[in-house]
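Have a look at the structure below, then the notes.
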Amino acid sequence: MNFGEIHNWLRETDEGRLEELWALADEVRRRNVGDEVHLRGLIEFSNHCVRRCAYCGLGAHNPNLKRYRMTAEEILACAHLACELGYGTIVLQSGQDSGISAQWFADVVTKIKKATPLAVTLGLGERNAEELALWQAAGADRYLLRFETSDPSLYERIHPDLNGVKSDRIAILHQLRDLGYEIGGGVMIGLPGQTYETLARDIDLFRQLRLDMIGCGPYIHNPRTPLAQADDELRAADDMQVPNDETTSCKVIALARISCPLANIPATTALATLDGQSGYELGLQRGANVIMPNITPAEYRALYEIYPAKAGVDQADDYHEFLKERIAAIGRMVGTGRGDSPGYISRTETSTCAT
Ligand code: SAH
């Protein structure tokens, strides 16, 4: 699908036509990644952050947030819980925490890989090439780093450089790929200042970057962030501004699936926050094949407040069973094994053959 077609779909309002988009995305999903829904256990292990991303509640601009950093033992206990629940992957996510030393974290990854068969996905923000290489050597399999928007001037406004060092997430994604990681990128949908044209370019970039994982969810207004104040000033004219609503979020999931048929695409927590009743189901029926249940210990979960009222913060102990039932109710089944992206598998098999 080319840029023009993506752009037209993003602006489509006819319900009948949109049904065609949902059906096409669902069929492409079924043919390329099947009916399994892979569950990734999300561990938000630190909310310390040195950055000042204008959209995010964890930023250094928020002095009122109580900060935490889990110990290696606590992280390991979560990894064991993920195994007990039958998950094939854990996602270790944090703020960009300069208090996490590269070696300490490499040791955590090594311990997890020794003690469990889990695939390990990382999301620690923008770390330097040596650190990323060290963690890959320690056994980390995948890295998530959303590029947030492909519009350089909007990016600069919402994602300030740190200590004069230019932030270039797209360059880091290339590095991660060269290091041998499965790579994940994505954007927020409906950021103030995001136009339909920008968003169409974002989706086109998913394909150009050949992402193995694509995470996209609605932007959720957080009053405790700089963007809450700049919202009006940044917003594009009404007929250009992308809304941060459920239908637009689903369009992005569907178009990402059609553009990158082999990618792993989650129905995100942000989508479930917007629509607690059926956000996950709609995502899964419109192109997604992954859910990332939060397995962070309850005492920390509420403190990882990137935006308010995040889904899953006060989830019950039997949430996992509830999720399984919801997946079964839409005729799908919980995935087994690591759930690597088929694109990544064929990429690594080809390179093995070539050497
Ligand atoms: N420090 C890591 C993890 C950040 S949280 C990193 O920077 O990669 C993961 C994602 O949450 C971010 O990439 C961003 O896309 C999303 N996010 C942050 N604030 C948000 C908000 N207010 N609404 C919706 N999504 C948000």
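The values are calculated or read from the model by the stated rules, or taken from the named source; none is laboratory data. Model, not experiment: these values are computed from the prediction. Note that we place each Cβ from the backbone using ideal geometry, even for glycine, and neighbour counts take in every protein chain shown. These area figures cover heavy atoms from the full protein model, side chains too; ligands, DNA and RNA do not enter into them. Shrake-Rupley method; radii C 1.70, N 1.55, O 1.52, S 1.80 Å.
Taking the numbered list (1) over 26 Å from residue 48 (Cβ atoms); (2) within 14 Å of the ligand (Cβ to nearest atom); (3) of a type in the set (Gly, Ala, Ser) in turn, residue 153 passes all entries but (2).
What pairs can you find where one residue is in the stretch 66-92 and on the phi > 0 side of the Ramachandran plot, the other is of a type in the set (Val, Ile, Thr) and open to solvent by less than 60 Å² (accessible area, probe 1.4 Å), and their Cβ atoms are less than 9 Å apart, with a gap of 6+ or different chains? Sorted first by the residue in the stretch 66-92, then by its partner, the pairs are 86/334. Restricting the stretch 66-93 to residues that are of a type in the set (A, V, I, L, M) and open to solvent by 10 Å² or more (accessible area, probe 1.4 Å), the residue that is farthest from residue 39 (Cα to Cα) is 72.
In the stretch 221-234, the residue that is nearest to the ligand (Cβ to nearest atom) out of those that are buried (at least 19 other Cβ atoms within 10 Å of the Cβ) and in a loop (DSSP other than H, G, I, E, B) is 222. Exactly one of (1) in a loop (DSSP other than H, G, I, E, B); (2) within 22 Å of residue 151 (Cβ to Cβ); (3) small (Gly, Ala, Ser) is unmet by residue 276. Its number? The single condition residue 276 does not satisfy is (2).
Checking every residue in the stretch 198-213 against the condition of being in a loop (DSSP other than H, G, I, E, B) and among the aliphatic types (A, V, I, L, M) gives at least one match. Here residue 131 meets the list (1) farther than 25 Å from residue 37 by Cβ; (2) part of a loop (DSSP other than H, G, I, E, B) almost entirely, failing just condition (2). Close Cβ contacts (under 6 Å, 6 or more residues apart or on different chains) running from residues in the stretch 197-222 that are acidic (Asp, Glu) to residues that are within 14 Å of the ligand (Cβ to nearest atom) comprise 202/150; 202/187; 212/183. Only a single item in (1) closer than 26 Å to residue 339 by Cβ; (2) of a type in the set (Phe, Trp, Tyr); (3) open to solvent by 70 Å² or more (accessible area, probe 1.4 Å) is not met by residue 104, and it is number (1). I'd like the residue in the stretch 281-319 that is away from the ligand (no atom under 16 Å from the Cβ) and part of a helix (DSSP H, G or I) and, out of all such residues, is surrounded by the most Cβ atoms within 10 Å (Cβ to Cβ). For the stretch 281-319, the residue satisfying everything is 284. Restricting 30, 17, 52 to those that are open to solvent by 30 Å² or more (accessible area, probe 1.4 Å), among the basic types (Lys, Arg) and touching a Gly at 6+ places or on another chain (Cβ under 6 Å) reduces the list to 52.
State which residue is surrounded by the fewest Cβ atoms within 10 Å (Cβ to Cβ) when the search covers only the stretch 134-175 and only residues that are β-branched (Val, Ile, Thr) and assigned to a helix (DSSP H, G or I). In this case the residue turns out to be 170. Flag: residue 96 matches the condition of being at pLDDT 95 or above, under 18 Å from the mean Cα position of the chain (by Cα) and open to solvent by 10 Å² or more (accessible area, probe 1.4 Å).
Within the stretch 108-144, the set of residues being more than 14 Å from the ligand (Cβ to nearest atom), over 17 Å from residue 214 (Cα atoms), touching a Ser or Thr at 6+ places or on another chain (Cβ under 8 Å) and not small (Gly, Ala, Ser) comprises just one member, 118.
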